[in-house]
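**Q** The structure under discussion is supplied below as structure tokens; questions concerning it will follow.
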Amino acid sequence: MSHCSSRALTLLSSVFGACGLLLVGIAVSTDYWLYMEEGIVLPQNQTTEVKMALHAGLWRVCFFAGREKGRCVASEYFLEPEINLVTENTENILKTVRTATPFPMVSLFLVFTAFVISNIGHIRPQRTILAFVSGIFFILSGLSLVVGLVLYISSINDEVMNRPSSSEQYFHYRYGWSFAFAASSFLLKEGAGVMSVYLFTKRYAEEEMYRPHPAFYRPRLSDCSDYSGQFLQPEAWRRGRSPSDISSDVSIQMTQNYPPAIKYPDHLHISTSPC
């Protein structure tokens, strides 16, 4: 990454941030985080018969097999469902995964904020601090999302381990493509955050490289000017002196060599002070 130019880092951080925002938005809004199947094992030929199959997201549960095939039910976060469409163990899984829902939502808000700040920083690159702020928001968004994913997985594993085993019933679950989109979004957002922070350090180093050192300036040695505090360029920066400047210096030296009576008569006193 040390060999990447500022333009390449700007392009990569924008692409990673946009892809991360798109993937987490799709993951939050779709219903394919988890697939679950329940059925019985037929003793005659040891085959299985599916009694219920569903796919669930953060906001809705849809059935694609069983007697409720084609039906979708909204996930109840504050109220108990009026009817029970699944077994008790499956219902416990659907309830426990709700604890992970706030984290993807916070992650979506943070990555959207980071994406906006990042684009403003790319439009106005002289505001170097915006790249650093957007990088921090990208990283926080990824951390919030990974906390939600860990809680989601642990909740399911706990319920599956506590599920009573039976030779006549079977239960199967797997994670869907919405969950895969969320996991991919975490990697993209962390990459965008690291590149944004590195872009900030690169721009800051370039600004320090081209900024003149304060030791290159000296104060004006004038006691009577109102602008005595401003700074002049050093002698090494001065151009060649013009003939008019040289003639003025010669005139001043000749005037200073005259006697006082001739130099400044009392009735024609002319001040040569710049004040």
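The values are calculated or read from the model by the stated rules, or taken from the named source; none is laboratory data. Everything quoted here is computed from the prediction, not taken from an experiment. When we count neighbours, we look across all protein chains shown, and the Cβ atoms used for this are built from the backbone with ideal geometry, even at glycine. For accessibility, only protein heavy atoms count, side chains too; no ligands or nucleic acids. Shrake-Rupley method; radii C 1.70, N 1.55, O 1.52, S 1.80 Å.
**Q** Considering only region 123-153, state which residues are outside any helix (DSSP H, G or I) and open to solvent by less than 90 Å² (accessible area, probe 1.4 Å).
**A** So in region 123-153, the residues outside any helix (DSSP H, G or I) come out as 124-128.
Correct list: Pro125, Thr128.
**Q** Among the residues of region 6-36, write down those that are closer than 25 Å to Asn157 by Cα and of a type in the set (Ser, Thr, Tyr).
**A** Ser29, Thr30, Tyr32, Tyr35 - these are the residues of region 6-36 that are closer than 25 Å to Asn157 by Cα and of a type in the set (Ser, Thr, Tyr).
Residue-wise test of (1) open to solvent by 40 Å² or more (accessible area, probe 1.4 Å); (2) part of a strand (DSSP E or B); (3) in contact (Cβ under 8 Å) with a residue 12 or more places away in the chain.
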{"position": "Ser155", "(1), (2), (3)": "no, no, yes"}
{"position": "Glu159", "(1), (2), (3)": "yes, no, yes"}
{"position": "Phe171", "(1), (2), (3)": "yes, yes, yes"}
{"position": "Arg174", "(1), (2), (3)": "yes, yes, yes"}
{"position": "Ser178", "(1), (2), (3)": "no, no, yes"}
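**Q** Can you name every residue in region 30-58 that is touching a residue at least 12 places away in the same chain (Cβ under 8 Å) and open to solvent by 30 Å² or more (accessible area, probe 1.4 Å)?
**A** Residues satisfying the conditions are Tyr32, Tyr35, Glu37, Ile40, Val41, Pro43, Thr48, Val50, Lys51.
**Q** Next question. Among the residues of region 84-92, are any touching a residue at least 40 places away in the same chain (Cβ under 8 Å), surrounded by 20 or more Cβ atoms within 10 Å (Cβ to Cβ) and either in contact with a Cys (Cβ under 6 Å, 6 or more places away or on another chain) or at negative phi (or both)?
**A** yes
**Q** Among the residues in region 37-46, are any assigned to a helix (DSSP H, G or I) and at negative phi? Break it down stepwise before answering.
**A** Start the filter on region 37-46 by keeping residues that are assigned to a helix (DSSP H, G or I), which leaves none.
No.
**Q** When you scan region 99-141, how many residues do you find that are touching a residue at least 40 places away in the same chain (Cβ under 8 Å) and basic (Lys, Arg)?
**A** Number satisfying all stated conditions: 0.
**Q** Out of everything in region 98-115 that is of a type in the set (A, V, I, L, M, F, W, C) and open to solvent by 60 Å² or more (accessible area, probe 1.4 Å), what residue ends up being farthest from Leu145 (Cα to Cα)?
**A** It comes out as Phe112.
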